[in-house]
Amino acid sequence: MPVFHVEKLYNDAYHKALRSFLKGYRDMTGKRAVITCMTPLSPILAAQMQEASFSTKRYWDRIAEAAENGIVGLHGHFLRTTVDQGLRPMHHAFHDLDVIRGQIGQELDALRLHGHMDEDRMIYSGGWWFMTPGLRGVLSEFGFHWDYSLSSSRYNISPGSIAVERQEQSGNASGGHQIRSDTAVSGLARPGRPFQAIGKLLAEPSAEIASTKRVSLYSHDYDLNLAPALHMIERFCKAGFGFHEPEPKSQWDAT
């Protein structure tokens with residue numbers, strides 16, 4: 001399942017390419033990809049929109065257009081203010097959960113106000129692949145059901161995300177509130193990269209495990225290479241791979 005980190009819909013080309021992929025993917029598979037979006041309440045995006053003279057209303061309109069063929073979630077990017085007043089990303093070694101909690105609450109309320117948050121299928125992905133047990137606990141407080149912040153790549157992991165993954169494996173994650181994850185195994189942006197995922201799946205020791213393993217392929221809106229990405233989906237279809245959407249919480253007992 002493709003999971004997008006949507007950050008720059010004020011750019012016409014990025015917006016057009018994302019919409020084209022979402023439509024093509026749905027036509028080929030009958031499923032919708034996940035689009036985790038930064039909102040205009042995110043400090044990074046707000047500054048970029050101001051620089052581009054792009055209105056808040058227009059940005060929400062573009063999220064709505066992408067949502068025609070995608071399942072919307074929240075994409076979290078959090079900043080800390082340094083002594084020199086420069087803005088730096090929060091990460092596993094330096095973050096403020098109170099700031100994070102406040103921003104998630106504001107952005108979640110905004111997504112709800114605009115009708116983009118499925119209360120039975122609340123989805124999150126972490127910017128800069130930032131995830132810690134504390135942040136996972138904040139997601140639990142807000143009632144999120146799916147988190148796509150975990151990755152199999154050594155370039156996209158941190159001690160915090162490793163701790164979360166170990167908690168999941170032990171069955172003791174999220175303070176009793178269950179949050180499910182599909183691990184990102186490969187990027188969708190460059191030609192050939194998604195088929196690294198096929199190699200990983202086929203290397204599983206059991207055919208049964210390989211046939212039931214669920215993974216995600218990630219991309220941003222700004223680095224989506226449209227034609228090769230759609231070609232990869234076509235090749236996945238021909239190779240016999242299945243596609244899925246994150247199930248609503250109300251259906252979990254059946255899965």
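The values are calculated or read from the model by the stated rules, or taken from the named source; none is laboratory data. Everything numeric here is computed off the predicted structure, so don't read it as measured data. Positions of Cβ are generated from backbone atoms using ideal geometry, with glycine treated the same way; all protein chains shown enter the neighbour counts. Each accessible area value is taken on the protein alone, full model and side chains, heavy atoms only, with ligands, DNA and RNA left out. Shrake-Rupley method; radii C 1.70, N 1.55, O 1.52, S 1.80 Å.
Go through (1) touching a strand residue (DSSP E or B) at 6+ places or on another chain (Cβ under 9 Å); (2) free of Cβ contacts under 8 Å to residues at least 24 places away in the same chain; (3) not hydrophobic (A, V, I, L, M, F, W, C) for Q50 and report which single condition fails.
Among (1) touching a strand residue (DSSP E or B) at 6+ places or on another chain (Cβ under 9 Å); (2) free of Cβ contacts under 8 Å to residues at least 24 places away in the same chain; (3) not hydrophobic (A, V, I, L, M, F, W, C), Q50 violates only (1).
Within segment 66-95, can you find the residues that are under 17 Å from G126 (Cβ atoms) and loosely packed, with under 14 Cβ neighbours inside 10 Å?
Matches in segment 66-95: R88, A93, F94.
Determine whether L97 is at pLDDT below 95, within 16 Å of L139 (Cβ to Cβ) and in contact with a helix residue (DSSP H, G or I) (Cβ under 7 Å, 6 or more places away or on another chain). Write out each step before concluding.
Numbers: at pLDDT below 95: yes; within 16 Å of L139 (Cβ to Cβ): yes; in contact with a helix residue (DSSP H, G or I) (Cβ under 7 Å, 6 or more places away or on another chain): yes.
Considered against the rule, which asks whether it is at pLDDT below 95, within 16 Å of L139 (Cβ to Cβ) and in contact with a helix residue (DSSP H, G or I) (Cβ under 7 Å, 6 or more places away or on another chain), L97 comes out as yes.
If A47 satisfies all but one of (1) open to solvent by 50 Å² or more (accessible area, probe 1.4 Å); (2) closer than 21 Å to A110 by Cα; (3) in contact with a helix residue (DSSP H, G or I) (Cβ under 8 Å, 6 or more places away or on another chain); (4) not hydroxyl-bearing (S, T, Y), what's the number of the condition it fails?
(3)
Being within 23 Å of A46 (Cα to Cα), open to solvent by less than 20 Å² (accessible area, probe 1.4 Å) and part of a helix (DSSP H, G or I) is the filter here, so list the residues in segment 106-137 that pass it.
E107, L108, A110, L111, G127, L135
Determine whether I63 is touching a His at 6+ places or on another chain (Cβ under 7 Å), closer than 30 Å to A163 by Cα, open to solvent by less than 60 Å² (accessible area, probe 1.4 Å) and in a helix (DSSP H, G or I). Full working, then the answer.
Details: touching a His at 6+ places or on another chain (Cβ under 7 Å): yes; closer than 30 Å to A163 by Cα: no; open to solvent by less than 60 Å² (accessible area, probe 1.4 Å): yes; in a helix (DSSP H, G or I): yes.
No: the conditions fail for I63.
Name, by its number, the condition in (1) outside any loop (DSSP other than H, G, I, E, B); (2) open to solvent by 60 Å² or more (accessible area, probe 1.4 Å); (3) hydroxyl-bearing (S, T, Y) that does not hold for T36.
So T36 meets the others, but not (2).
Look through G143, G115, G73, G105 and report the one residue that is of a type outside the set (K, R), at pLDDT 95 or above and touching a Ser or Thr at 6+ places or on another chain (Cβ under 7 Å). Lay out the reasoning, then the answer.
Values: G143 fails: touching a Ser or Thr at 6+ places or on another chain (Cβ under 7 Å); G115 fails: touching a Ser or Thr at 6+ places or on another chain (Cβ under 7 Å); G105 fails: touching a Ser or Thr at 6+ places or on another chain (Cβ under 7 Å).
Going through G143, G115, G73, G105 in turn, the sole match is G73.
Can you confirm whether segment 184-196 contains a residue that is under 20 Å from A33 (Cβ atoms), open to solvent by less than 30 Å² (accessible area, probe 1.4 Å) and at pLDDT 85 or above?
yes
Going through I179, I233 one at a time, which residue ends up being at pLDDT 85 or above, open to solvent by less than 40 Å² (accessible area, probe 1.4 Å), touching a Gly at 6+ places or on another chain (Cβ under 8 Å) and within 30 Å of L45 (Cα to Cα)? Write out each step before concluding.
Working: I179 fails: touching a Gly at 6+ places or on another chain (Cβ under 8 Å).
Of I179, I233, the one residue that is at pLDDT 85 or above, open to solvent by less than 40 Å² (accessible area, probe 1.4 Å), touching a Gly at 6+ places or on another chain (Cβ under 8 Å) and within 30 Å of L45 (Cα to Cα) is I233.
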